[in-house]
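Enquirer: Below are the structure tokens for one structure; questions will follow.
The values are calculated or read from the model by the stated rules, or taken from the named source; none is laboratory data. Worth saying up front: this structure is predicted, and the values here are computed from it rather than measured. Counting neighbours? That spans all protein chains shown, and the Cβs are built from the backbone with ideal geometry, glycine included. For the accessible areas, the whole protein counts, side chains as well, though only heavy atoms, and no ligand, DNA or RNA atoms are used. Shrake-Rupley method; radii C 1.70, N 1.55, O 1.52, S 1.80 Å.
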Amino acid sequence: MKKVIYPGTFDPVTYGHVDIVKRAVDLFASVVVTVAVNPTKQQLFTTEERVNMLNDSLIGYNTVTVDSFEGLLVDHAKEVGATGIIRGLRQVSDFEFEFQMALMNRKLADDIATIFLMPHEKYTYLNSTIIRNLASLKADVSDFVPPIVQEALKKKFG
Ligand code: ADP
């Protein structure tokens, strides 16, 4: 498999997401990290801010590109020429939702496979919601998010 796509909300990107990208980079020729735009969902960061933070956090990964999409993931995967979808599995609780989505995506596009990667154990309890909550309470999040995200969170929460 040559090209894979890694979709997510990335509101904001964490070291857990970066860990998954690194693992995908080691396995596949190129990786497109794509920010899912959902106009009905309120996000902390704009799509542009999320794309910029991803680009900055992934500097040096020459086979990675970052973009965004609105609509069906499998359509965007086809547009960029990806034949695989990367998802991160942190714990069993992720499985049910991910399994359902993977099967639905396969029903929609049989030629696109979903590949699950597990992050380092130290990131298994990490998600963007916890980071937003911690940052809003002015907690130190430097172990969990890249420097550009720390700065952006500081600006948002003062
Ligand atoms: P979240 O809000 O849970 O961080 P995203 O939509 O940004 O979710 O996540 C995109 C993908 O990255 C999903 O497959 C999710 O399971 C995975 N992911 C999110 N956080 C981590 C983490 N800490 N370690 C591994 N994978 C993760």
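Enquirer: Out of the residues in region 65-87 meeting the condition of being away from the ligand (no atom under 13 Å from the Cβ) and in a helix (DSSP H, G or I), tell me which one is surrounded by the most Cβ atoms within 10 Å (Cβ to Cβ).
Expert: Applying the filter and picking the extreme gives 77.
Enquirer: Here's another thing I want to ask about it. Determine, yes or no, whether residue 90 is of a type in the set (D, E, K, R), in a loop (DSSP other than H, G, I, E, B) and in contact (Cβ under 8 Å) with a residue 60 or more places away in the chain.
Expert: Values: of a type in the set (D, E, K, R): yes; in a loop (DSSP other than H, G, I, E, B): yes; in contact (Cβ under 8 Å) with a residue 60 or more places away in the chain: yes.
For residue 90, the condition - of a type in the set (D, E, K, R), in a loop (DSSP other than H, G, I, E, B) and in contact (Cβ under 8 Å) with a residue 60 or more places away in the chain - is met.
Enquirer: Another one. Could you please give the count of residues in region 39-51 that are outside any loop (DSSP other than H, G, I, E, B), touching a residue at least 24 places away in the same chain (Cβ under 8 Å) and in contact with a Phe, Trp or Tyr (Cβ under 9 Å, 6 or more places away or on another chain)? Even if it seems obvious, please write down each step before you answer.
Expert: Within region 39-51, the first condition is being outside any loop (DSSP other than H, G, I, E, B), and the residues that meet it are 47-51.
Now narrow it down to the ones that are touching a residue at least 24 places away in the same chain (Cβ under 8 Å): 49-50.
Narrowing the set further to residues that are in contact with a Phe, Trp or Tyr (Cβ under 9 Å, 6 or more places away or on another chain) leaves 50.
Qualifying residue count for the region: 1.
Enquirer: Which of the numbered conditions does residue 5 fail, given that it passes all the others? Conditions: (1) touching a strand residue (DSSP E or B) at 6+ places or on another chain (Cβ under 9 Å); (2) within 15 Å of the ligand (Cβ to nearest atom); (3) open to solvent by 30 Å² or more (accessible area, probe 1.4 Å).
Expert: Evaluating residue 5 over (1) touching a strand residue (DSSP E or B) at 6+ places or on another chain (Cβ under 9 Å); (2) within 15 Å of the ligand (Cβ to nearest atom); (3) open to solvent by 30 Å² or more (accessible area, probe 1.4 Å) leaves (3) as the failure.
Enquirer: Right, another one. When you scan region 118-140, how many residues do you find that are assigned to a helix (DSSP H, G or I), in contact (Cβ under 8 Å) with a residue 12 or more places away in the chain and surrounded by 15 or more Cβ atoms within 10 Å (Cβ to Cβ)?
Expert: Summing the residues that are assigned to a helix (DSSP H, G or I), in contact (Cβ under 8 Å) with a residue 12 or more places away in the chain and surrounded by 15 or more Cβ atoms within 10 Å (Cβ to Cβ) in region 118-140 gives 5.
Residues are listed down the side, and each one gets a yes or a no for (1) in a loop (DSSP other than H, G, I, E, B); (2) of a type in the set (A, V, I, L, M); (3) within 15 Å of the ligand (Cβ to nearest atom); (4) farther than 20 Å from residue 18 by Cβ:
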site: 61; (1), (2), (3), (4): yes, no, no, no
site: 97; (1), (2), (3), (4): no, no, yes, yes
site: 100; (1), (2), (3), (4): no, no, yes, yes
site: 116; (1), (2), (3), (4): no, no, yes, no
site: 142; (1), (2), (3), (4): yes, no, no, no
site: 148; (1), (2), (3), (4): no, yes, no, no
site: 153; (1), (2), (3), (4): no, yes, yes, no
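Enquirer: Still on this structure: Within region 22-38, how many residues are free of Cβ contacts under 8 Å to residues at least 12 places away in the same chain and either open to solvent by less than 60 Å² (accessible area, probe 1.4 Å) or touching a Phe, Trp or Tyr at 6+ places or on another chain (Cβ under 6 Å) (or both)?
Expert: Going through region 22-38 one residue at a time, the tally reaches 0.
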